[in-house]
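Here the structure is laid out as structure tokens; the discussion comes afterwards.
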Amino acid sequence: MANKTGRFHSYGFLLLFLLIAGGSSATTLAARSNGHGPARAQAQAPIRLPGYPSAWKGERTFAEIRAEVLRRAKLNIYPVTGISPADIQEAFASIHALGENQWGPAFIAIGDRYMAQANRLAKSNPTEANADYLKAWRVYSFGRWPVAWSPGRKQAYQKALEAYRAHAKFFDPPLQILRIPYAGSEIVAYLRLPKQRSGPVPVVMAISGLDGRKENFTELFSALLPYGIGVLTVDGPGTGQAPVKFGPTADRMFSRLLDYIDKQPEIDKTRIAVYGASLGAYWATKLAFTERARLKLIVAQSPGAAYFFQKKWIVDSLLPNREYVYAQVPALMHIMNGVNTLSQFESAWAADSLVTQHLIGKPSAPMLLITGAKDTQVPFADTVLLLESGTTPKYAWINSAGGHMGREVHVWSNAKIFHTILLPWLVRVLQPSDATQNRYAR
């Protein structure tokens, strides 16, 4: 490990620290069904998703997906954090195949129960009602996971939005729903500003990834409000309520959001940071180059940049990926325009490389990179490439034993990385103090 640390120092970058962590890796082993007969044969068949090729190299079977989701629910980890194992088991009792419209309705039934209970308690016990709205949102959200490609998943997503906004009515300071005209449609974003402020405040714009949504980040990043920092959250292109699909020019929607910020007197335009997670980290990284003059800091957690968009990575890592629960490549195809075959995906995906777009090596905004060296979803080589290129100092937090997002089961959860690493760093950079301003001035 000393050699690894030395390697980074030899690049001449300002590396925050390299976490040398032992313990279990993020790689998971899928459980097998012990069932018998036709039901077992159907459960073990390759998954089939409408509009996509009938079989995917290395994908989990339905039985393996069911076992893996339940395993993660028991551990309370992504992507079912906050959902009880009992609710997972109940939903899967009504799901028998992924190629049918069963997934969304199964989770909707459970979410509806929480919503009904929350509505009954809204006046008599608002605290309990709020907790039930939150449970409903989480269950509905998994009902549309990873993306809303079927009628049931689309319905689950709409219900998730309703549940979250019911939950948000309890917020203080309130949630502002922004609707900014763009590309013949609108950008829908959430804004929360600190309640106590004496002047313009800094803001973090958080961009969601492939299967997370702006609601997830509003929950998480609202922890910045007590520090006098506002939160603006938005869905990544092709996901949620984004007005455009994923593609080489989709970053313009974020530039439009920055234009909006420029016109808000309550926001300090000199202290704007952008955070992106996973696929959202790609957009944060791109903005580090294209919008560097308007941004004080970029935080990219598991950023794809170049190797991520190569055919070799698709074939060797994304198609057979087990760190992702299932259907990562089909989900990526779904968020792009006119991509219906693997060959179309490979071609369209390659155009998003920041090397192809001639951005790598150009001046950028200051960056903090967070990742795991054993990430199987986004190549660690892309983080190294970003550290090696350009002249702008970059900072990094790298979990040597961590997988995607730097996570490590029982050691580094999403919440621990946020509260231990990310939140203190954002507060340090964005809080208005002479010492902080001087230390991180560009």
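Only the coordinates and a few stated rules stand behind these numbers; no lab work does. Keep in mind that this is a model prediction, so the values were computed, not measured. With ideal geometry, Cβ positions are generated from the backbone for all residues, glycine too; neighbour counts draw on all protein chains shown.
Each Lys and Arg adds +1 at its Cβ and each Asp and Glu adds -1 at its Cβ; summed about the Cα centre, the range 120-264 shows a dipole of about 320 debye. Dividing the alpha-carbon radius of gyration of the range 307-405 by the rule-of-thumb value 2.2 N^0.38 Å gives 1.16.
The distance separating the Cα centre of the range 77-104 from that of the range 284-345 comes to 26 Å.
Just check the range 141-288 against the gyration tensor rule for me: Cα atoms, a ≥ b ≥ c as the square roots of the eigenvalues, rounded for a/c under 1.5, and otherwise prolate or oblate depending on whether a/b exceeds b/c.
Oblate shape, in that a/c is at least 1.5 and b/c is the bigger or equal ratio.
In plain terms, the chain from H358 to D262 could stretch by 31.8 nm, reckoned as 0.36 nm per residue minus the Cα-Cα distance.
Computed over the alpha-carbon pairs of the range 68-143, the distance histogram in 5 Å steps reads 3, 18, 24, 22, 17, 9, 4, 1, 0 percent, short to long.
For the range 39-170, count all C-alpha to C-alpha pairs, find those more than 25 Å apart, and express that count as a whole percent of the total. That tail contains 27 percent of the Cα-Cα pairs. Taking a ≥ b ≥ c as the square roots of the eigenvalues of the alpha-carbon gyration tensor, the range 176-250 is classed prolate because a/c is 1.5 or more and a/b outweighs b/c.
Quick one: net charge of L423's neighbours, Cβ under 14 Å, K/R +1, D/E -1? Charge balance in the 14 Å sphere: +1. In this structure, the residue pairs whose Cα-Cα separation is over 21 Å, taken from K362/K394; K74/K416; K245/K374, are K245/K374. Take every Cα pair under 8 Å whose residues are at least 6 apart in sequence, average their separation, divide by the length of the range 267-361, and the relative contact order is 25 percent. The residues F246, F171, when put in order of fewest to most other Cβ atoms within 10 Å, stand as F171, F246.
Can you sort D251, D382, D172 by how many other beta carbons sit within 10 Å, fewest first?
The fewest-first ordering by Cβ neighbours comes to D172, D251, D382.
Extension gain for the segment N101 to R428, taken as residue separation times 0.36 nm less the Cα-Cα distance, is 113.0 nm to one decimal. Compared with the direct C-alpha span, the chain from R165 to T392 gains 77.7 nm at full extension, assuming 0.36 nm per residue. Straight-line cross-link partners of K169 among the aspartates and glutamates, defined as a Cα under 17 Å from its Cα and at least 8 positions apart when in the same chain: E128, D132, E215, E219.
Using only Cα coordinates, the Kirkwood hydrodynamic radius of the range 143-200 works out to 13.7 Å. Look at S343, S413 and count the other Cβ atoms within 10 Å of each Cβ; fewest to most, that gives S343, S413. Look at the alpha carbon pairs under 8 Å that are at least 6 residues apart: their mean separation over the length of the range 54-135 gives a relative contact order of 18 percent.
Taking label positions 7 Å along the Cα-Cβ direction at both V411 and S343, the computed distance is 4.3 nm, reported to one decimal. Sorting the segments 273-282, 76-85 by their mean number of nearby beta carbons within 10 angstrom, highest to lowest, gives 273-282, 76-85. The Cβ shell under 15 Å around L354 holds other residues with a net charge of -1, Lys and Arg each +1, Asp and Glu each -1.
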